[in-house]
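A quick write-up on the structure given underneath.
The values are calculated or read from the model by the stated rules, or taken from the named source; none is laboratory data. If you're wondering where the values come from, they're calculated on a predicted model, not measured in any experiment. Cβ atoms come from the backbone with ideal geometry, glycine included; neighbour counts cover every protein chain shown. SASA here: full protein model, heavy atoms, side chains in, ligands and nucleic acids out. Shrake-Rupley method; radii C 1.70, N 1.55, O 1.52, S 1.80 Å.
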Amino acid sequence: VQLQACGGGLVQPGGSLRLSCAASGSISSFRAMGWYCQAPGKQRELVATITSGGSTNYADSVKGRFTISRDNAKNTVYLQMNSLKPEDTAVYYCNAGRYSGINYWGKGTEVTVSS
């Protein structure tokens, strides 16, 4: 399975971006999919996840601002990012996890929030 993330870019504080993660195969068989971010000099951390049943989980820092969703027909997971802050600046990675415990990672897409 290959994951292709896109949608990153430069945006001003308060702006919005939508990240997309397209899988090369069906995503309906994954236990969960998610987005993680890694800022310079920091460890990769969870942003949001969505299970095969549609349950979502968010990092406290993005609750109320970010929304994760999935379109099984398009094999794509999205991350709608609103009210962006400079501290959201990071490389964002898509993740897909199987029930077996195997995880797949896509190449990151860079998000820069700056005026």
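Applying both filters, DSSP loop and at most 13 other Cβ atoms within 10 Å, to the trypsin sites (Lys or Arg not before Pro) of the range 42-75 gives K42, K63. Stretching S16 away from S83 to a fully extended chain increases their span by 23.5 nm, per 0.36 nm per residue minus the current alpha-carbon distance. Computing FRET efficiency as 1/(1 + (r/R0)^6) for S114 and V1, where r is the C-beta to C-beta distance and R0 is 35 Å, gives about 0.55. Per residue, the accessible area of the chain comes to 53 Å², computed with a 1.4 Å probe over protein heavy atoms only.
Other residues lying with their Cβ under 15 Å from the Cβ of S28 contribute a combined charge of +3, Lys and Arg counting +1, Asp and Glu -1. Magnitude of the charge dipole for the chain, about its Cα centre and with charges confined to Cβ atoms of Lys, Arg (+1) and Asp, Glu (-1), is about 200 debye.
For K63, the lysines whose Cα falls under 23 Å of its own Cα, not counting residues fewer than eight places away in the same chain, are K42, K85. Selection among G108, G54, S16 by position relative to the dipole of the chain gives G54 as farthest towards the positive end (Cβ unit charges, Cα centre).
Residue-wise HN-Hα couplings along the range 23-40, as the Karplus relation 6.51 cos²θ - 1.76 cosθ + 1.60 with θ = phi - 60° gives them from phi, are 9, 6, x, 5, 8, 5, 8, 7, 4, 7, 10, x, 10, 10, 9, 9, 8, x Hz; Gly and Pro carry x. Cysteines in the chain lacking any other cysteine Cβ under 4.7 Å from their own Cβ: C6, C37. Highest mean packing comes first when the peptides 97-103, 29-35 are listed by Cβ atoms within 10 Å, giving 29-35, 97-103.
The solvent-accessible area of V1, taken with every protein chain present and a 1.4 Å probe, is close to 70 Å². Quick one: pull the percentage of alpha-carbon pairs in the chain with a separation above 25 Å. Looking at the chain, the distances longer than 25 Å represent 16 percent of pairs. Charges were assigned to the Cβ only: +1 to each Lys and Arg, -1 to each Asp and Glu. The resulting dipole of the range 47-99 about its Cα centre is roughly 140 debye.
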